[in-house]
Structures are given as C-alpha cells and as structure tokens.
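Here is the structure we will look at, set down as structure tokens.
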Amino acid sequence: MGRAKEIVVKVIPAKIANDFVKKHHYSGKVAFGNKVHFGVFLDNALHGVASFGTGIVKRKTIGLVENTGWNDYLELSRLAFDDYLPRNSESRALSVIIKLLKKHSPHVKWLLSYADGTQCGDGTIYRAAGFVLTKIGKNTSIYKLPDGNVVCDLPFEASVIADNGIKKRYGKTGEKASWSAKRFIKYIGGEQLVGHQLRYIYLIDKSCKLTVPTIPFSKIDEMGAGMYKGEKISIAERRKKAAAEETDSGVQPETGGLSPTLPLHIDEVPNGNQD
C-alpha cells in the first residue's frame, strides 16, 4: 500500500472542492446537487476530492435497492485526484469515506456511481474499492457541441441552477423550450459521442438487497467497453501490459486483479484519519 496509508480524508467546504474539481476533473465541470465533499490530503495539502449528492434523476435510481428511502443513499458525482498522490490512493480514499459515512451518517445505506467509459474510464477505482457492476450501456447522453464543449444532455432537458444561482435551459427558449434535449442538441449541431456508461453500486448496509442483477467484470471486455484514462483498452490488455512491465522491472506480477489498484477493506483506516 505504501504511502497511500498516510492519506487523510475529511469533509471540506463546497467552494474549495468545486475549485479543485474544475482544475483536476477530466470534464472540468462540477455537478449539480452535491451535498457533501470529502477532501483527500497528503503532506498537509489537498490532492483529491470526492463529491456526493442526491443525484439529478433520483426517481430513476432510488429503486435500484429494495426499500430505499428518499435520503438512504448518495451518488458519487465527482471524483478528482491530482498526480501527487501515490498508487492506490483513490481506492484507499473511497474505502475511508465509506467507513466515515457508516459511522457518522448511518442513514446512508448505499452508494451509486457511474463510470464514463466514453471519455475517461470503465471504473477501475470502483472495482478495487468493492463496488459491484450493475449496468453497462452504450452512451446516449454525452454530446460534443460545435464549439468543442462536451456536455450531458440532461441540462438541456430541464432547468438547472447555474453557478451564479440563475436558472437556465441552455438556449431552449420560445417554441424550442418544449423540444427534447436530443432534438435541440441535434438542431444546434451537437454530435453524440461513441462509448459506454457503466453503473456501480456499493452496499454500505450489507442487509440491503439489489433489485437489479450484478454483472461480472468480464462483461466489460465482452461488450468492448474497456477504457482507462481516456484510452480505449480492455481489462485483459491492461493486465497483460502491467504484467510485462512488472516482469521487465524485476517485480513479481500480481495475479487475479487489475494492476493499478487492489481491493481494499473499509476497516483499514489510514493513520491520521478521523475515527
């Protein structure tokens, strides 16, 4: 685990978290509706942020776990780290966050997150942290606009609150206000990106039961949904490449998992964290 055990995780203000996300998240954007932000610190400096909210389409996700109340789960909407943190830090941070939520927010029974296999990755971090895969779907919501900006179609579907607190509908005014997001984006010259979206769930309360089946991670390669750091690459190819690199360096290759991270347990609390 190395220095990953030294990271400290604590709640931080929204402004600090959002500024960090804008700088270090691949999208350069913050998500709406976030309720709590965890900062990941090493050597007394902020090097990572995990932002959780209620989710924009909660009515569609609340039923993924049986008997879920309105405030019983959180959606991990932004996970951003800089290059200073050592290997395994992302999954280590998630492991600690889960333990903190379990202790200080016992009403939160489970976590939901999506991996963007269209622009970023297929969820290596989530798999290493013990999340289960529950859906692999082709991208239907991420578009590239004529100005080069990459956006989700949801803000075009309904009014959202901008950073300045003003409601906006991204140009859907007049008769166009009633248009579907896809129709409007096509009208302004947007192009749907090719790729996949993957849905992951972590049951903090182990008595909870999923209403959807879990999917074996091998399905990611079967569906051609593998991606790592924006590169279209299968999990099998990554394992083979990592094993070759470790063999060349004289390091015994790890087996049974993906090279970047290994599974962690939520009862492993790093030194210096709140208990």
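Count, please, the residues in the range 16-30 that happen to be under 15 Å from GLY53 (Cα atoms) and assigned to a helix (DSSP H, G or I). Residues flagged as under 15 Å from GLY53 (Cα atoms) and assigned to a helix (DSSP H, G or I) within the range 16-30 amount to 3.
Restricting ALA17, ALA45 to residues that are among the small types (Gly, Ala, Ser), under 24 Å from ALA128 (Cα atoms) and either surrounded by fewer than 20 Cβ atoms within 10 Å (Cβ to Cβ) or at pLDDT 95 or above (or both) narrows the list to ALA17.
Give me the pairs, please: first residue somewhere in the range 122-148 and farther than 23 Å from ARG238 by Cα, second residue anywhere and part of a helix (DSSP H, G or I) and open to solvent by 30 Å² or more (accessible area, probe 1.4 Å), beta-carbon distance under 8 Å, and either six or more positions apart or on two chains. Between residues of the range 122-148 that are farther than 23 Å from ARG238 by Cα and residues that are part of a helix (DSSP H, G or I) and open to solvent by 30 Å² or more (accessible area, probe 1.4 Å), the close pairs are SER141/LEU154. Please work out which one of (1) over 17 Å from HIS25 (Cβ atoms); (2) open to solvent by 50 Å² or more (accessible area, probe 1.4 Å); (3) at pLDDT 70 or above is the condition SER159 fails and give its number. So the condition that SER159 fails would be (3).
Here's the yes/no breakdown for (1) touching a residue at least 12 places away in the same chain (Cβ under 8 Å); (2) crowded, with 17+ Cβ neighbours inside 10 Å:
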residue	(1), (2)
GLY28	no, no
ALA31	yes, yes
VAL36	yes, yes
VAL40	yes, yes
LYS60	no, no
GLY63	yes, no
LEU74	yes, yes
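Scanning the range 183-214 for residues that are part of a strand (DSSP E or B), at pLDDT 95 or above and surrounded by fewer than 16 Cβ atoms within 10 Å (Cβ to Cβ) returns a single hit, LEU210.
Being open to solvent by less than 30 Å² (accessible area, probe 1.4 Å), part of a helix (DSSP H, G or I) and small (Gly, Ala, Ser) narrows it down to one of SER51, SER91, so name that one.
On the way: SER51 fails: part of a helix (DSSP H, G or I).
After ruling out the rest, the residue left standing is SER91.
Residues in the range 106-133 that are assigned to a loop (DSSP other than H, G, I, E, B) and open to solvent by less than 30 Å² (accessible area, probe 1.4 Å): VAL108, GLY117, THR118, GLY121, ASP122, GLY123, ALA129, PHE131.
Scanning the range 168-182 for residues that are at pLDDT below 75 and among the polar types (S, T, N, Q) yields one hit, THR173. A count restricted to the range 171-229 and to residues that are free of Cβ contacts under 8 Å to residues at least 24 places away in the same chain, over 29 Å from ASN149 (Cα atoms) and hydroxyl-bearing (Ser, Thr, Tyr) stands at 2. All conditions but one from (1) more than 30 Å from HIS107 (Cα to Cα); (2) at pLDDT 95 or above; (3) of a type in the set (Lys, Arg) apply to LYS229; the one that does not is (2).
The values are calculated or read from the model by the stated rules, or taken from the named source; none is laboratory data. No experiment lies behind these values; they were computed from the predicted model shown. Backbone-built Cβ (ideal geometry, glycine too); neighbour counts: all protein chains shown. The protein model used for the area step is the full one, side chains on, heavy atoms only, and it has no ligands, DNA or RNA in it. Shrake-Rupley method; radii C 1.70, N 1.55, O 1.52, S 1.80 Å.
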